[in-house]
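Submitted below is the structure of interest, expressed as structure tokens.
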Amino acid sequence: MSDISDAEREQRINLAACYRIFARYGWDEGIETHISAAVPGTGAKRHFLMNPYGMMFGEITASSLIKVDLDGSVVGESQYRMNPAGFLIHSAIYGAREDITCVVHLHTIAGVAVGAQKRGLLPISQSALFIYNDLAYHAYEGSVLSVEERRQLAVDLGSKHILMLRNHGTLACGHTIAAAYWRMFFLERACQMQIQALSGGADVEELPQAICDRVMDEGKLFPMIGELEWPPILRLLDREDPSFRS
Ligand SMILES: [Zn+2]
């Protein structure tokens, strides 16, 4: 990584850490699914970093991340290849939203299970309310995205930050890696809570929209979303296995 800027090196380390923490949670799915981050300073060209196809989340290092442009071409030298379906999902977001610098896409069991339920995420936990009004839905059209579906993906996300890909997986994005991490963390936790609550068999208490709005408004008091959560994650990974930095 000798020929890259300090800002790109920092972004690579944080992105590799994001892979490692989700692997630690067990939220990966073999070599499928992907997390990406924009390369700082690439402007409208929007080069972004993502995992090489064929590596698991727990193996990702800062130097193994592939750099690609919005046309799907690999930028610079890499011994690895790209996941084409992954590129299409992430480039759809970066092409439509200049405010986004990180996109997380997962296929967790709880996330897919809630996305398969007709009403989607229910307002039945505080964790759900943290992200409830920031959540949109995208209907399943097939395993390979067409150019038209890329457009629809961005239309469905609109100005929000979280997308439930029905019958497929979850997606969260942010203006920083920490913000995207924070949103995916609470989305996944809320999905797990919903599946547990519904499997209990008793009626569940749904909170009214006014309460959802209130919790989202209270969240605006903390605009540095994820910034407090991220440093302890780096410290945890450094204690356990700092190889993500290499
Ligand atoms: Zn997927």
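The values are calculated or read from the model by the stated rules, or taken from the named source; none is laboratory data. In this text the structure is predicted, and so the values were computed from the model without any measurement. Using ideal geometry, Cβ is built from the backbone for each residue, glycine included, and neighbour counts are taken over all protein chains shown. Ligands, DNA and RNA are excluded from the accessible area calculation, which covers all protein heavy atoms including side chains. Shrake-Rupley method; radii C 1.70, N 1.55, O 1.52, S 1.80 Å.
What is the dipole size for segment 124-246, taken about its Cα centre, with +1 at each Lys and Arg Cβ and -1 at each Asp and Glu Cβ, in debye to the nearest 20? Present the calculation step by step, with values, prior to reporting the outcome.
Values: 11 positive and 17 negative charges, 64 e Å.
About 300 debye.
In 10 Å bins starting at zero, report the fraction of Cα pairs in segment 115-214 per bin as a rounded %.
In whole percents, the pair-distance histogram is 15, 45, 32, 8, 0.
Nearest 20 debye, what's the magnitude of the dipole of the chain about its Cα centre given +1 on Lys and Arg Cβ and -1 on Asp and Glu Cβ? Let's see the in-between values first.
Numbers: 22 positive and 30 negative charges, 18 e Å.
The calculated dipole for the chain is roughly 80 debye.
Tell me the label-point distance for the pair Val155, Ile109, using the 7 Å Cα-to-Cβ offset, in nm and rounded to one decimal.
For Val155 paired with Ile109, the spin-label model returns 3.6 nm.
In nanometres, what is the gap between the two model label sites at Ile4 and Gln126, each 7 Å from Cα along Cα-to-Cβ?
3.8
Pick from Val39, Val204, Val155 the residue whose mean-square fluctuation is largest in a GNM of the chain, springs joining Cα atoms under 10 Å.
For the chain, modelled as a Gaussian network with Cα springs under 10 Å, the answer is Val204.
Provide the three semi-axes, in whole Å and in decreasing order, of the ellipsoid equivalent to the chain as defined by the square roots of 5 times the Cα gyration tensor eigenvalues. Intermediate values should be presented prior to the final figure.
Details: eigenvalues 170, 79, 60 Å².
They are 29, 20, 17 Å, listed largest first.
Check cross-link reach from Lys160 to the aspartates and glutamates: straight Cα distance under 18 Å, and skip same-chain residues fewer than eight apart.
Answer for Lys160, where 18 Å is the Cα cut-off: Glu98, Asp99, Asp134, Glu149, Glu188, Asp213, Asp217, Glu218, listed by chain and number.
Once you have all Cα-Cα distances for segment 57-142, histogram them in 5 Å bins from zero and send the whole-percent values.
All Cα pairs, binned at 5 Å, distribute as 2, 9, 16, 21, 17, 15, 11, 6, 2, 0 percent.
So with the 1.4 Å probe, I'd like the accessible area per residue for segment 129-246, rounded to whole Å². Don't skip to the answer; put the middle values down first.
Working: 6360 Å² over 118 residues.
Averaged over the residues of segment 129-246, the accessible area is 54 Å².
Between Ser243 and Ser146, what length in nm is gained on full extension when 0.36 nm per residue of separation is reduced by their alpha carbon distance? Working shown, then result.
On the way: separation 97, 0.36 × 97 = 34.92 nm, distance 3.65 nm.
Extending this stretch completely gives an extra 31.3 nm.
With no solvent and one point per C-alpha, what does the Debye sum give as log10 I(q)/I(0) for segment 28-171 at q = 0.14, 0.17, 0.18, 0.20 Å⁻¹?
For the requested q values the scattering log ratios are -0.67, -0.97, -1.08, -1.29.
How large is ³J(HN,Hα), in whole Hz, for each residue of segment 97-113 in order, when computed from phi with the Karplus curve 6.51 cos²θ - 1.76 cosθ + 1.60 and θ = phi - 60°, using x for Gly and Pro?
10, 5, 7, 9, 10, 8, 10, 10, 10, 10, 10, 5, 5, 5, x, 5, 4
With a 1.4 Å probe and every protein chain kept in, tell me what percent of the accessible surface of the chain is carbon plus sulfur. Working shown, then result.
On the way: 6230 of 11600 Å².
Carbon plus sulfur share of accessible area: 54 percent.
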